[in-house]
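Just below is one structure, and these are the notes that go with it.
The values are calculated or read from the model by the stated rules, or taken from the named source; none is laboratory data. Owing to the predicted nature of the structure, the values given are computational and were not obtained by experimental measurement. Quick reminder, even Gly has a Cβ in these numbers, built from the backbone with ideal geometry, and neighbours come from all protein chains shown. Remember, those area values only see protein heavy atoms, side chains included, never the ligands or the DNA or RNA. Shrake-Rupley method; radii C 1.70, N 1.55, O 1.52, S 1.80 Å.
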Amino acid sequence: MTFKLPLARILPALLPVLLIAQPVEARTGMAEWRAQAARVTIQRDDWGIAHVHGRSDADAVFGMIYAQAEDDFDRIEANYLTALGRTAEAEGEDAIWQDLRARLYMDPQKLRADYAASPAWLRRLMDAWADGLNYYLATHPQVKPRVITRFEPWMALSFTEGSIGGDIERIPLDRLKAFYGAPDGRPLAMADPDPEPRGSNGFAIAPGKSASGHALLWINPHTSFFFRSELQMTSDEGLNAYGAATWGQFFIYQGFNPTAGWMHTSSTVDAVDEFLETVTRRPDGALTYRYGAEQRPVRASTVTLAYRTKDGARAERRFTVYRTHHGPIIGERDGKWVAFAMMDKPIPALEQSFLRTKARDYAAFVKVATRRANSSNNTIFADADGTIAYLHPQFVPLRDDRFDYTQPVDGSDPATDWKGLTPLDALPGLRNPAGGWIQNTNNGPWSAAGRDSQKAADFPRYMDMMGENPRGDHAVMLLSAGKNYSLDSLTAAAFDSYQPAFARFVPMLTAAWDALPAGDARKAALAEPIAALRGWDYRWGLRSVPNSLACLWAEDLRQWTLAHSQGAPRTLYDRMAAAPAEVKLTLLSAVVSRLERDFGDWRTPWGDINRLQRLTGAITPTFDDAAPSIPIPFSSARWGSLASFGARAYPGTRKWYGTSGNSFIAAVEFGNRVHAKAVSVGGESGDPASPHFNDQSPLYANGTLRPVYFYPDELAGHVERRYRPGS
């Protein structure tokens, strides 16, 4: 017998406690914090970027997290509210489902035990991390945290991997609410089933294909803007890493050290699974689920979540959550419960994230990867020995490939269970391919080195769920033909303006117009727009009118396709291509009318529409057509632009404003000395009053990288301020 879960037990315990940030408690640690601060030096360069040095690695962690807090404490706290399942304490009850999702895995009691069980060196880093944040709050009483007034070392284990969204975000909040929630009539906002690509581009160039005879690395994450801090952290214990650190984490997530560099791209590997559980209730009320010939007990536990009420008070909701050996229950499907399985290895994950920043060559990097605690990122690697490599995520469950794990599988069949992890030597991977280059653009690894790539047929299906994308086509086209790469020419390639998707879609549109009968009114009305598109080279540019037409039209076609072909077993691009000619023409007519209405002329250049605007440091931005903004030539990654800029109109705006895409960008050359250039969207500081709030935007808009001051002699003459934390 199967049954539906009863409504969650909800105990609103309203408490007359205002969520006003309290000062950091008893300053018993102040003397120790000051002593550690005395072992740390922070130098801010002329872009506001922090170069942090500590005597020990722990001292460097103390200083770098203090510097992050100086730049944008709000983003640090927001990330830990998400990771700890405490966002509703700041934002209200609507965030309770996001918090419940986090708490399915993030148990504070367990993480405290994990902290105690961590190796001593890692505990020292976590201690320094918490001390650096608490020292910042103690020395900046004007900063009022929304919720977290004191950080504890174990909290670092809640957020161990710096990618855009962790595996847990694959759990749909609407399904979680339907299973555990009361029917309050408030629907959750539904996610776009095909959101703006927020992945990354990573390229590695071998010495034989570079002008200098040294390996090159292109680091180009595509994230929501202002998602990471650019900085350098060094110590007398051998730490020397430069790059992008996700706000609140104490390791460089994407970057380089003197002899090696690493670029992570969100992987298409299947690292999480859903299992359908057949649950019954015994006469005594106990819950069991079928597993082979057994009836196993369903485990239950209580999760209590606090939230902020509309009047600023504090209330609580209590949930009984369930799990099987596959993982927590996240919903119901066809009368069966759905259990969710994902990686849950906080100690090895944090170890791997930090230790790889100290790996000075390929062998050392791979040794760190043997912890197998990276589930969601491909890695593009290069080093001073001339090695270039592609590494697949190391946490890949071993499965029976007879089953389609892109869909929920039968949890009662033991054959569907994970059978440990795939051995590292059985994963896709490349090292020094003959063609001299490697790329990944969140596509499958089967085009990573062009003709020298591995074959999908040689691996289980679950090694790749997505296949190719237009950025991958673009990267292969460029890197196959390129040679004698320098940092500047590699940058130029990465900003190449061609958009392969339009080379497919626009001829279909012009052919649909060609097929119209002579008497059709659209023959004349669309003649000039069609002529502009027909003569176009499919490249973006600030003055390009065809790019305006194509981007607005393709986005409308995407939305139409999502609404009318949900179940089609093809890629979204294939379904867009298959849309009726009548639909394609109707959408173009609407775009022409919209441009004339909003901008006065359908001949509106792309740069007049596509803008970068940073008005405040708020995590959720607002936009205003009347306020200053910067024209951006590049377009969405969706159409194959390697230089990604995900933009759209917002309530009250006619122009499109970007919120994701190219964020931190770096080009790195490894030789006797590492040489690098970089740029970060906006600037280093989240404070609008800072000169470094928006100072890099003009460079960003032009695709221009500035020099990185990696060595002391490079930094000399470019230091705006030198100080110790707390001074």
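Hydropathy at least -0.5 by Kyte-Doolittle, axial extent at least 15 angstrom from the Cα trace: which helices of the chain, defined as entire DSSP H runs, fit?
Flagged H segments are 57-84, 120-139, 470-481, 500-514, 545-564, 581-599.
Using the beta-carbon distance between Glu582 and Ala503 and R0 = 30 Å, what value does 1/(1 + (r/R0)^6) give for FRET efficiency, to the nearest 0.05?
Rounded to the nearest 0.05, the efficiency is 0.85.
Quick one: if you stick a label point 7 Å off each Cα along the C-beta vector at Thr406 and Ala426, how many nm between them?
According to this spin-label approximation, the distance is 2.2 nm.
Within straight cross-link reach of Lys455, meaning Cα distance under 14 Å, which aspartates and glutamates are found once same-chain residues fewer than 8 apart are removed?
Qualifying aspartates and glutamates at Cα under 14 Å: Asp464, Glu468.
Under a cut-off of 30 Å between alpha-carbon atoms, report the lysines in cross-link reach of Lys523, not counting same-chain residues fewer than 8 places apart.
Lys584, Lys655
In deg cm²/dmol and to the nearest 500, what is the mean residue ellipticity at 222 nm of the chain if only DSSP H runs of at least 4 residues count, each as -39500 (n - 2.57), divided by the residue total?
The helix-only estimate for the chain comes to -8500 deg cm²/dmol at 222 nm.
May I ask for the net charge around Asn240, where only other residues with Cβ less than 11 Å from the Cβ of Asn240 are counted and Lys, Arg are +1 while Asp, Glu are -1?
-1
Grab the other residues whose beta carbon is less than 13 angstrom from that of Ala313, score K and R as +1, D and E as -1, and report the net.
Net local charge, Ala313 excluded: -1.
Taking all protein chains in place and a 1.4 Å probe, what share, in percent, of the accessible surface of the chain do carbon and sulfur account for?
Carbon-and-sulfur percentage of accessible area, whole number: 53.
In the set (i) 28.5; (ii) 29.4; (iii) 27.2, which value of Kirkwood radius over Cα pairs in Å was calculated from the structure you see?
(iii)
For the chain, what does the accessible surface come to per residue with a 1.4 Å probe? Please give it in Å².
Per residue, the chain has 39 Å² of solvent-accessible surface.
How much length is gained if the chain between Leu562 and Ala38 is pulled fully straight, taking 0.36 nm per residue apart and subtracting their Cα-Cα distance, in nm to one decimal?
182.9 nm
May I ask for the net charge around Thr41, where only other residues with Cβ less than 9 Å from the Cβ of Thr41 are counted and Lys, Arg are +1 while Asp, Glu are -1?
Spelling it out: positives minus negatives among the neighbours equals +3.
The range 511-575 to the range 85-150: how many Å between their Cα centroids?
Cα centroid to Cα centroid, the span is 48 Å.
Please report the accessible area of Glu596 (heavy atoms, 1.4 Å probe, ligands and nucleic acids excluded) in Å², nearest 10.
For Glu596, solvent-accessible area is about 90 Å².
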